[in-house]
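Notes follow the structure.
Derivation of every value follows stated rules applied to the coordinates shown; laboratory data play no part. Only a predicted model underlies this, so the values are computations on that prediction, with no experimental measurement involved. Note that each Cβ is placed from the backbone with ideal geometry, even for glycine, and that neighbours are counted across all protein chains shown.
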Amino acid sequence: MKMVCMWPDGALVSSIMNGHDIAANLVAQFATRDLNEADTRHQIIDPLLHEVLSWPRECVNCEEHVHPGY
């Protein structure tokens, strides 16, 4: 069964400019760094999803277990 997440009231706390500032800071901070996939997810993608776009953390899965085979 798939969980459906509802946006809580007031979830969009950041203004558009605040979100832009967060994204611009991430670009400045990590533009010259060579990150692996896990660090990219942790340092860049997760902050964009949660701080800029206000996605609830309970609505984002890291990875789901896949049974062997096809």
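Please list, by residue number, everything in region 36-70 whose backbone N is under 16 Å from a paramagnetic label point 7 Å out along Cα→Cβ of VAL27. Label zone hits: 44-45, 48-49, 52-53. The C-alpha radius of gyration of region 19-60, expressed as a fraction of 2.2 N^0.38 Å, stands at 1.16. For GLU63, the shell of other residues with beta-carbons less than 14 Å away shows a net charge of -2, using +1 for Lys and Arg and -1 for Asp and Glu.
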